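The values are calculated or read from the model by the stated rules, or taken from the named source; none is laboratory data. Fair warning: this is a prediction, and the values are worked out from it, not measured in the lab. Virtual Cβ from ideal backbone geometry, glycine too; neighbours counted across all protein chains shown.
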Amino acid sequence: MLFKNIQMIDPAFRVLEDMTVAVRGDTIAYIGSWKGLPEGEDWGEIYDGRGKLLIPGLYNIHAHTPMTLLRGYGENLSLHDWLNQKIFPFEARLTAEDIYYGYLLGVAEMVRFGTVSSTDMYFQGDSLARAILDSGFKSNMSISVTCFDDRDYKELPIYKETLALLDKYHLAGGGRVKIDLSLHGEYTSTPKVAAGLAQHCKSLGLNMHVHLSETQSEHEGSKMRHGKTPPRYFADQGIFDSPTTAAHCVWVDEDDLDILADKGVTIATNPISNLKLASGICPIPRAKAKGINIGLGTDSVASNNSLNLFEELKLYALLHKTTANDPTLITPEEAFACATINGALSQRRENCGSIALGHKADLVVLDTTVPNMQPCHHQLFNLVYSADGGDVRLTMVDGQILYRDGKWPTLDMDNILKHVNASCRRIVKELDK
């Protein structure tokens, strides 16, 4: 496919005009002028980019995608009540098929809004991996470890499940599927299990995904249980000895941030979810000052209630200006990096996250003729502060179009919606008994 006469955002976040970008297979094979395009090669469809902006795909680096089935199910509750009264009872009734179709619905929503990859934490790993492969999406997926008794990590069923997932799915789909390891949290596991998981992750050279200091009670409870904050506890158990994405990080203190910086941990900040559940606000200004890699996540649809990363992008760009009383704090370039290249780096996808020669063709086209994108004094500023996921006209992952002008070529949306709504009706009926 070849994009012609299109604006694009380059790796330095400059807006380039009248560009030609060619895709060969799953790779960006040419970037330049129309006149400089090599002759004699059939690039396939020529996409007229007039009035359009080509951007790298977005990265949602903290998600529980199958929880699309719980959209709007538990509202106006504290985190504790929300989890125990609504979320956990509903999730206990999810089947493998429920999770498969819930994930596909989440993929449909994400690619509709320009997201090309997620860092996902859930259960029923076979269902997750099949949904990723069938849809054409990308994901670093993990099955989160929880344990409340005295077993060793290798005694848990999830140990064997993880080995099976690694053998069957790691780097499947041309590398679109990556298997990470995951500890749900400090408060849902034991030191013995955390240390065992950490050693296993390091020995395999995989990524780690954790919840960290999402709430004040979690943070203070860790100090009571272990005499340590969650970051110090995780570091001492070896969790951070592998490349780690830590979700939330709302209640971290200065020493905690030093640990995260020293260990190269990525913060996956989830501003909408944290605000909705009144968990607090991640101290991004202090994290940014320490050079910590920061990416954006939506968390689950149950606590967001959408997977529209453009909403997270704008809120991230604005929220921390207020908390720091500094309107210059986060530039549009820095905000957009959090939604793109920073997320790709957290997933260790070094050839992704920007429009560059030889990178994977993970591309998104936005309509710039819509009212909210006009007039245009600076397209990057419009992209961060004015654009909406609804402005997306095309989303491509590894050179394959997953969304275009209201259609999902790889997904049977009628079938997905039929299964999802039937699952919800069944589960709610069971819960109401």
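Tabulated results
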| item | result |
| --- | --- |
| Selection status of L315, in the same structural domain as M141 (by TED's automatic domain parsing), outside any helix (DSSP H, G or I) and modelled with pLDDT of 95 or more | no |
| Flag if A198 is surrounded by 23 or more Cβ atoms within 10 Å (Cβ to Cβ), in a helix (DSSP H, G or I) and of a type in the set (G, A, S) | yes |
| Cβ-Cβ under 6 Å pairs, at least 6 apart or on other chains, the stretch 20-34 side in contact (Cβ under 8 Å) with a residue 60 or more places away in the chain and over 9 Å from A361 (Cβ atoms), far side not in a loop (DSSP other than H, G, I, E, B) and not polar (S, T, N, Q) | Y30/A22; I31/V21 |
| P375, sole failed condition from (1) in contact with a Lys or Arg (Cβ under 9 Å, 6 or more places away or on another chain); (2) surrounded by fewer than 13 Cβ atoms within 10 Å (Cβ to Cβ) | (1) |
| Count - residues of the stretch 43-95 that are free of Cβ contacts under 8 Å to residues at least 60 places away in the same chain, touching a strand residue (DSSP E or B) at 6+ places or on another chain (Cβ under 6 Å) and of a type in the set (D, E, K, R) | 1 |
| Qualifying residue in the stretch 365-380 (condition: under 29 Å from M67 (Cα atoms) and either without any contact (Cβ under 8 Å) to a residue 24 or more places away in the chain or in contact with a Cys (Cβ under 9 Å, 6 or more places away or on another chain) (or both)) | no |
| Given (1) part of a helix (DSSP H, G or I); (2) without any contact (Cβ under 8 Å) to a residue 40 or more places away in the chain, index of the condition N274 fails | (2) |
| Checking E41 against (1) exposed (fewer than 13 other Cβ atoms within 10 Å of the Cβ); (2) in a strand (DSSP E or B), the condition it does not meet | (2) |
| Residue in the stretch 338-358 that is in contact (Cβ under 8 Å) with a residue 60 or more places away in the chain, among the acidic types (D, E) and assigned to a loop (DSSP other than H, G, I, E, B) present | no |
